Amino acid sequence: MKAHEFKPSPGAHRSRRRIGRGDGSGMGNYSTRGIKGQKARAGGGARRGFEGGQNPLMKGLPTLRGFTNIFRVEYTPVNLDRLASFPQGARVTPQDLEAAGIIQDAAQKVKVLARGGIDRPLTVAAHKFSQTARAAIQAAGGVVEEL
């Protein structure tokens, strides 16, 4: 096969509609625009979202209010009951939590919350602790390390 012999498969290309080329073409006279009116004119047609003068949907919906605090710090929450899988006396870091499948990414900041309980002494290293979680870890004989 030579370069000049390439052609698209049958039915792959449809010839374009030649609009406004006389009545014999089947697309003359009104040229597929119907009869009169705004949409039949050159450059005609209403703007996006226009609903014929009725109050548009986008105007009736409430707008976003408030602001986004660009200094907000997001923490990944970890509850005490998730720490039950670690052996007694272990040091629990974000890397250990990621390895155990408790958090998705060790690079994210971790906050330890107090849901559930802790029954063994652990050294827990995290970025933040709730007061109740801190008290529960220390009551179980564990150590709290803030990263």
**OP:** Go through the range 97-109 and give me each residue that's assigned to a helix (DSSP H, G or I) and either under 20 Å from Ala140 (Cα atoms) or in contact with a helix residue (DSSP H, G or I) (Cβ under 9 Å, 6 or more places away or on another chain) (or both).
**Re:** Leu97
Original post:
Filtering the range 123-147 down to residues that are of a type in the set (A, V, I, L, M, F, W, C) and under 18 Å from Thr76 (Cβ atoms), which residue is surrounded by the fewest Cβ atoms within 10 Å (Cβ to Cβ)?
Top reply: Leu147
Original post:
For residues in the range 110-128 being part of a loop (DSSP other than H, G, I, E, B) and among the charged types (D, E, K, R), which is nearest to Glu145 (Cα to Cα)?
Top reply: Arg120
Original post:
Restricting to the range 94-111, what's the tally of residues that are more than 21 Å from the chain's Cα centre (by Cα) and exposed (fewer than 11 other Cβ atoms within 10 Å of the Cβ)?
Top reply: 1
Original post:
assigned to a loop (DSSP other than H, G, I, E, B), without any contact (Cβ under 8 Å) to a residue 12 or more places away in the chain and hydrophobic (A, V, I, L, M, F, W, C), is that true of Ile35?
Top reply: yes
Original post:
Restricting attention to the range 56-89, which residues are part of a loop (DSSP other than H, G, I, E, B), under 21 Å from Lys109 (Cβ atoms) and aliphatic (A, V, I, L, M)?
Top reply: Ile70, Val73
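Within the range 38-93, restricting attention to residues that are aromatic (Phe, Trp, Tyr) and either exposed (fewer than 10 other Cβ atoms within 10 Å of the Cβ) or touching a Cys at 6+ places or on another chain (Cβ under 7 Å) (or both), which residue is modelled with the highest pLDDT?
Phe71
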**OP:** Tell me which residues, restricted to the range 124-147, are free of Cβ contacts under 8 Å to residues at least 24 places away in the same chain, farther than 19 Å from Gly89 by Cβ and among the aliphatic types (A, V, I, L, M).
**Re:** Ala135
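The values are calculated or read from the model by the stated rules, or taken from the named source; none is laboratory data. The structure presented is a predicted model; accordingly, all values stated were derived computationally and were not measured. Here Cβ is always computed from backbone atoms with ideal geometry, including for glycine, and neighbour counts include all displayed protein chains.
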